[in-house]
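Asks: Structure below; questions to follow.
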Amino acid sequence: QVQVVEYGGGLVQPGGSLRLSCAVSGSIFRFSHMGWYRQAPGKERELVATVTKGGSTNYADSVKGRFTISRDNAKSTAFLQMDNLKPEDTAVYYCRSYGFGEYWGQGTQVTVSS
């Protein structure tokens, strides 16, 4: 059974940084594309960034230049480095594994506040 687990959320001041991790159990990781999504209170879930199994990346306009998505196939883990965080980045962040089945994590809270 595949499990997707996010780590690394928390409270950070505006302008600060956080690094989220997403661990995928099983042997599907290197065959899968990975994505980070977020959902703020009262809003729909939105795409933040994706990385294909080949390493190509894509970002939402709102995070370009501030967030970096990456993956480590040897560790079956995807990452989201978030720099220069803003209050509007506050949300629950979800990890998605897709392309070889589809699996979501339970989410991790990121709060940007002074």
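The values are calculated or read from the model by the stated rules, or taken from the named source; none is laboratory data. Quick caveat, the model's predicted, so the values are computed rather than measured. Here the Cβ is made from the backbone with ideal geometry for all residues, glycine too, and neighbour counts use every protein chain on show. With ligands, DNA and RNA removed, areas are computed over all heavy atoms of the protein, side chains included. Shrake-Rupley method; radii C 1.70, N 1.55, O 1.52, S 1.80 Å.
Asks: Quick one: Karplus J couplings for segment 84-99, per residue in order, coefficients 6.51, -1.76, 1.60, θ = phi - 60°, nearest Hz, x for Gly and Pro?
Replies: Each residue's phi maps through the Karplus curve to give 6, 5, 10, x, 6, 7, 4, 4, 8, 9, 10, 9, 10, 10, 8, x Hz.
Asks: If you don't mind, another one. Could you tell me how many cubic angstrom of Cα convex hull volume the chain has per residue?
Replies: Output value, Cα hull per residue: 90 Å³.
Asks: Straight-line reach from Lys75: which lysines have Cα under 19 Å away, leaving out those fewer than 8 places along the same chain?
Replies: Hits, sequence-local ones excluded: Lys53.
Asks: Provide the per-residue ³J(HN,Hα) series for segment 4-10, in order, calculated from phi with Karplus coefficients 6.51, -1.76, 1.60 and θ = phi - 60°, each as a whole number of Hz, with x at glycine and proline positions.
Replies: 10, 10, 9, 9, x, x, x
Asks: Let me ask another. Given the protein chains as shown and a 1.4 Å probe, how many square angstrom of Phe100 are accessible, to the nearest 10?
Replies: Surface open to solvent at Phe100 totals about 100 Å².
Asks: Between Leu11 and Gln109, what is the label-to-label distance in nm when each label sits 7 Å out along the Cα-to-Cβ direction?
Replies: 1.0 nm
Asks: Which lysines have a Cα lying under 16 Å from the Cα of Lys64, excluding residues fewer than 8 positions away in the same chain?
Replies: Lys86
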